[in-house]
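Undergrad: Quick one: this structure, given as structure tokens, is what I'll be asking you about.
What follows is calculated from the coordinates using simple rules that are stated; it is not laboratory data. Given the structure is predicted, the values throughout are model-derived calculations rather than measurements. Positions of Cβ are backbone-derived with ideal geometry, glycine not excepted, and every protein chain shown enters the neighbour counts.
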Amino acid sequence: MIIDKIFYKTLFKNLFSDTFELKLWDGTSEIYGEGEVQFKIIFNEPIPKADIIKDPSLTLGEAYMTKKIDIEGSIQKVIESLYNNKESFLSNSDKYANLLKMATNNIKNSKKNIEFHYDIGNDFYKLWLDDTMTYSCGYFKSKDDSLTAAQKNKVEHILKKLDLKEGETLLDIGCGWGELIISAAKQYKAKAMGITLSSEQLAKVRQRIKNEGLEDLVEVQLVDYREIKNKKFDKIVSVGMLEHVGQDHLAEYFGAINNLLNDNGVSLLHCITGIVGGNNTWIDKYIFPGGYVPAITELISCMSEKKFDVIDVENLRLHYGRTLEYWAENFENALSEISKTKDETFIRMWRLYLNACAASFNCANINIHQFLFNKGVNNDLQWTRDYMYK
């Protein structure tokens, strides 16, 4: 036990950029750093040293879920402090990327992976998402924007970027709960098609389309984008879906976009990105199985290989950090309802996920970009970005 204590004290000594207190299972504690303590890490029992060294993200994530570790203070603050210490052996998540062995995201596995996360239940997501049920990065025109306003801003921003016009056909790959395709039909009279692999989302979107009386303009299907045949679209959008494609299928995704776009058609891709591609082993096991965060260079390379013309690239990193902070706050406020159907391990898992992601974006450990690109030579595109902000 003495050796274990020495290991933990040595490990945590230079782990964070802020002053913190480490408390071990025998009640002993030590403060690292100078000034006011920002948070406390509590080990309720020892965790095998070999597990921490082999895969710290998975091991420490599981330890928090199962209450082997407790945190007093902000979880987001703890993880930001971790990332802000560039000397920490944990600060570079790509160091452990080779430990993650992902199954190929063929059509069968993709559906199973999507169901794992998104079919938890509409009632669960409704408790902490905004009024539009949008589960992706918002767009804050002001820091004081509400979450609902930011999500409506995001949809508006995307549709303006696409320069959508009345009568055009739009495909939304991974349409979520349908806010974008419904807005495209209502605001632009576009003929919109959404696709999802989540049965829960499908039912919700179909109900929304019916309630809005948009059956003539909007449709939604439970189908993989690779299964769409004999259809072409003027515009294609995908928001928060590419992260589920997997590294081995990135080229296939852009090949499908090329096949589905009309000549001179325009596509917008909104996805999480990294300086290098990879994934987090804890996230892969418990949150998004089969996920992969692509490097910007991978995406641009894939677009170039298909001879797409890249029009615009925008980084919305801070917007996603703020979005996740809203979600984390809403999640905590809804605990009385969530706890009626979910156990404490699930609650701690989602609390860690939401706070860790907020910290990752705030510290630029990951980014989120919107890529606008078109197929073929289109000289009718807007010459400046002014049209995006009118």
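Undergrad: Project the alpha carbons of the chain onto their principal axes and report the range along each, largest first, in whole Å.
TA: Principal-axis extents of the Cα atoms in the chain, largest first: 71, 44, 41 Å.
Undergrad: A follow-up question, please. Arranged by the count of other C-beta atoms within 10 angstrom, fewest first, what order do 218, 37 take? All intermediate terms of the calculation are to be shown ahead of the outcome.
TA: Values: 218 28, 37 14.
In order of increasing Cβ crowding within 10 Å: 37, 218.
Undergrad: Suppose we keep just the DSSP beta bridges with both residues in region 2-91; what percent of those would be antiparallel, to 5? Walk me through the intermediate numbers first.
TA: Working: 8 of 12 bridges.
Here the share of antiparallel DSSP bridges comes out near 65 percent.
Undergrad: Turning to a different aspect of this structure: Pick out, in residue order, every one of the trypsin sites (Lys or Arg not before Pro) in region 313-359 that is DSSP loop and has at most 10 other C-beta atoms within 10 Å; say none if there are none.
TA: Values: sites: 317, 322, 340, 342, 348, 351; in loops: 340, 342.
For trypsin sites (Lys or Arg not before Pro) across region 313-359 that sit outside H, G, I, E and B with at most 10 neighbouring Cβ atoms in 10 Å, the list reads 340.
Undergrad: In addition: Listed highest first by mean packing, meaning other Cβ atoms within 10 Å per residue, what order do 45-55, 175-185, 7-17 come in? Mind showing how you got there, number by number?
TA: On the way: 45-55: 13.8, 175-185: 25.1, 7-17: 16.6.
The packing order, highest mean first, is 175-185, 7-17, 45-55.
Undergrad: Need one number: % antiparallel among DSSP beta bridges in the chain, to the nearest 5.
TA: Values: 23 of 47 bridges.
Expressed as a percentage, antiparallel bridges in the chain total about 50.
Undergrad: I've got another one for you. Sort 327, 25 so that the residue with the fewest other Cβ atoms within 10 Å of its own Cβ comes first and the one with the most comes last. Each step should come with its number before you reach the end.
TA: Numbers: 327 23, 25 16.
Fewest-to-most Cβ neighbours within 10 Å comes out as 25, 327.
Undergrad: Shifting gears a bit: Given 152/285; 5/342; 49/86, which pairs have Cα atoms separated by over 24 Å? Don't jump to the answer; show the numbers that get you there.
TA: On the way: 152/285 32 Å; 5/342 34 Å; 49/86 22 Å.
From the list (152/285; 5/342; 49/86), the Cα-Cα distance tops 24 Å for 152/285; 5/342.
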